[in-house]
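Written below as structure tokens is the structure these notes are about.
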Amino acid sequence: MKLTKEFTTLEKSAVKLTVTIGKKDVEDTYKSTLAKYTKSAQIPGFRKGHVPANVLERKYGEALRADTMSELIDQSLGQVFDEETENRPLPYAQPVMDTMPAFDISKDLVYSVTYDVFPKVSVKDLNGVSYKEPQVTISDADIKDELKAMQERNALVVEKKDETVAKDDIVTINYFEIGEDGNKIEGTDREDFVFTVGTGENLFKIDDDIIGMKKGETKEITKKYKKDDPDADLAGQTKKISVTIKAVKVRDLPALDDDFAQDCNEKFKTLDDLKADIKRNMETAVTRRLKELKNNEILSQLVEKYKFDIPASMLDAELKGRWDMMAQQFQTTPEQLDKMIAASGQTKEAMLKEWTGDSEKMLKSRIIVDSLIRDRNISVTPEEVEAQYAVIAEQGGMSVEEVKKHYSDPRAKEYLVDDTKENKLFEQIYAEVKISKGEKKSFKELFENR
């Protein structure tokens with residue numbers, strides 16, 4: 001097909017494509033469409049396949065023109081996108097026609113469509129990009145805390161002998177909110193609610209208020225919340241809550257000895273073996289976290305340095321993906337999640353708007369990484385993939401063969417290759433940006449506010 005094409009750059013990484021199809025192709029396609037109609041049309045008074053063309057045009061002229069134009073547009077777009085490498089449409093949305101063109105068999109057919117394209121960004125240099133890397137030391141106290149957590153995970157929960165609530169006890173309570181008239185507010189009651197005293201993992205934060213209560217005791221608690229309370233539903237409020245203690249239990253912690261280590265995993269012979277494994281896992285976690293923080297900060301600076309827009313269809317697809325993932329986490333459908341959110345007094349639209357900033361930043365970071373990998377021609381050799389298998393095996397306490405089995409699926413293998421390319425890219429970037437020592441942080445501080 002003989003055609004000409006013209007691209008006009010629009011905002012938000014969109015383009016306008018104007019296509020002009022020569023009148024000979026318009027005429028030939030019209031005749032071809034007319035011939036198809038002639039073969040299949042059935043009109044009273046004429047045998048099938050013998051209806052005169054002028055009769056068909058009088059009876060089906062509008063349909064003939066519409067079919068011809070549809071075929072011309074489909075064929076020409078297919079030809080343009082087969083030839084085009086830079087201005088191909090994104091898969092998230094179809095090209096949209098501005099206005100339906102007029103069809104005239106004796107003239108060129110001219111039409112325009114708009115669509116989103118992959119954003120173009122060229123990271124020419126890394127000047128001005130810097131990062132202060134936190135200095136983290138794993139202390140004996142950190143290992144002790146992890147051992148305590150393992151103790152608690154392996155503890156037996158038993159009834160407390162004196163049945164008096166204290167910090168760190170596991171309590172079961174019934175509660176309801178009391179209104180200004182002194183009566184229960186319907187719909188606020190909760191039975192058999194279980195939490196650990198001191199964690200604050202309860203709606204009204206009544207941990208300190210129930211300390212000293214006994215099993216079977218009921219108490220009316222009045223709580224005044226500060227105006228800057230993190231919970232917006234409680235901030236500045238005064239609540240009256242009736243609480244009944246149903247059960248008081250404690251954790252019977254196992255002794256920290258060699259037997260405990262062997263119970264955790266048969267590969268450990270002594271408690272020192274377990275401690276060494278804990279430290280090794282912590283060191284791996286620190287390395288990963290420091291890398292994550294460093295990469296995120298570098299990309300954040302590059303996003304600020306190299307401005308570009310995210311196409312609307314790409315952002316919409318990302319937000320939809322996040323919504324669908326949230327529905328999966330709640331084990332429901334996206335439609336049901338919409339209803340659940342509405343019932344809680346929020347709206348899907350408000351939540352998507354709240355997510356937009358982070359989603360745009362994430363997409364821009366991803367695009368910059370892809371652009372740098374492409375511009376720097378970063379590739380991965382089979383030997384480098386083998387080396388990555390060994391690293392994963394060591395970090396995960398597995399054999400290399402187990403790792404290879406996991407990545408035997410082509411998609412999983414592709415993910416590993418992409419991840420290895422990205423690691424190579426960042427190793428280059430670290431050598432080009434200014435990285436200095438940052439403030440000292442504890443293991444806990446490093447993982448706060450994730």
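Points worth noting:
- Neighbours of E163, meaning other residues whose beta-carbon lies under 13 angstrom from its beta-carbon, give a summed charge of +2 when Lys and Arg score +1 and Asp and Glu score -1.
- Taking the chain and dividing mean pair separation by its residue count, relative contact order in percent (alpha carbons under 8 Å, at least six apart): 18 percent
- Given charges at Cβ of Lys, Arg, Asp, Glu: segment 185-315 dipole, positive-most of L256, I278, G198: G198
- With each label modelled as a point 7 angstrom along the Cα→C-beta vector, the V96-M326 pair spans 2.4 nm.
- R0 of 30 Å, Cβ-Cβ distance E62-E349: FRET efficiency to nearest 0.05: 0.15
- Debye intensity ratio I(q)/I(0), log10, segment 389-449, q values 0.20 Å⁻¹ (C-alpha model): -0.92
- About the centre of its Cα atoms, segment 340-450 shows a dipole size close to 400 debye [charges on the beta carbon of Lys, Arg (+1) and Asp, Glu (-1) only; nearest 20 debye].
- 5 Å-binned pair-distance histogram of segment 204-355 (Cα, whole percent): 1, 6, 8, 7, 7, 9, 12, 15, 14, 11, 6, 2, 0
- Between D228 and F7, the distance separating the two model label sites (each 7 Å from Cα on the Cα→Cβ line) works out to 5.2 nm.
- Accessible area in square angstrom per residue, the chain, 1.4 angstrom probe: 63 Å²
- Summed residue charge, Cβ within 14 Å of F426's Cβ, Lys/Arg positive, Asp/Glu negative: -2
- Across K239/K339; K5/K307; K2/K31; K148/K441; K31/K107, pairs whose alpha-carbon gap is larger than 19 Å: K239/K339; K5/K307; K148/K441
- Helix content alone sets the calculated 222 nm mean residue ellipticity of the chain: runs of n ≥ 4 DSSP H residues at -39500 (n - 2.57) each, divided across all residues, give -16000 deg cm²/dmol.
- Portion, in percent, of the accessible area of the chain that falls on carbon or sulfur, probe 1.4 Å: 48 percent
- Rounded to the nearest 20 debye, the dipole size of the chain about its Cα centre is 1460 debye, using +1 on the Cβ of Lys and Arg and -1 on the Cβ of Asp and Glu.
- Rounded, prolate or oblate (a/c below 1.5 giving rounded, otherwise prolate when a/b exceeds b/c) for segment 115-267 by Cα gyration tensor: oblate
- On full extension, the segment bounded by Y430 and Q237 gains 64.5 nm, given 0.36 nm per residue less the C-alpha separation.
- Solvent accessible area, Å² - K167, 1.4 Å probe, full protein context: 130 Å²
- For segment 1-132, the spread of Cα positions along each principal axis, largest first, Å: 88, 25, 23
- Potential lengthening between E422 and V123 on full extension [0.36 nm per residue; Cα-Cα distance subtracted]: 106.1 nm
- About the centre of its Cα atoms, segment 385-447 shows a dipole size close to 300 debye [charges on the beta carbon of Lys, Arg (+1) and Asp, Glu (-1) only; nearest 20 debye].
- Projecting label points 7 angstrom from Cα along Cα→Cβ for E394 and A166 puts them 4.7 nm apart.
- Additional length obtainable on full extension of the chain from A342 to K48, 0.36 nm per residue less Cα span: 99.9 nm
- Overall Cα dimensions of segment 219-292 - principal axes, largest extent first, Å: 54, 40, 13
- The alpha carbon centroids of segment 379-450 and segment 88-123 are separated by 41 Å.
- K440, K205, K269, ranked by accessible area, largest first (probe 1.4 Å): K440, K269, K205
- 20 Å cut-off, amide nitrogen to a point 7 angstrom out along E384 Cα→Cβ, residues in segment 412-442: 412-433
- Prolate/oblate/rounded label for segment 309-355 (Cα gyration tensor, a/c 1.5): oblate
- Among N183, N174, N202, the largest mean-square fluctuation in a Gaussian network model of the chain, built with springs joining Cα atoms closer than 10 Å, belongs to N183.
- In units of the compact-protein estimate 2.2 N^0.38 Å, segment 260-333 shows a Cα radius of gyration of 1.89.
- For segment 129-183, a/c is not less than 1.5, where a ≥ b ≥ c are the root eigenvalues of the C-alpha gyration tensor, and a/b does not top b/c. That puts it in the oblate class.
- In terms of Cα atoms, the Rg and Dmax of segment 145-215 work out to 14.8, 50 Å.
- Lys/Arg +1, Asp/Glu -1 at C-beta; the chain dipole; positive extreme among N154, S344, G128: G128
- In the chain, a dipole from Cβ-located charges (positive for Lys and Arg, negative for Asp and Glu) runs towards its positive end, and of V96, S106, L299 it is S106 whose Cα lies farthest in that direction.
- Model label zone, E439; criterion: amide N under 14 Å from point 7 Å along Cα-to-beta-carbon; scope segment 101-141: 132-136
- The value of relative contact order for segment 295-450, using C-alpha pairs under 8 Å at least six residues apart, is 22 percent.
The values are calculated or read from the model by the stated rules, or taken from the named source; none is laboratory data. Keep in mind that this is a model prediction, so the values were computed, not measured. Quick reminder, even Gly has a Cβ in these numbers, built from the backbone with ideal geometry, and neighbours come from all protein chains shown. Remember, those area values only see protein heavy atoms, side chains included, never the ligands or the DNA or RNA. Shrake-Rupley method; radii C 1.70, N 1.55, O 1.52, S 1.80 Å.
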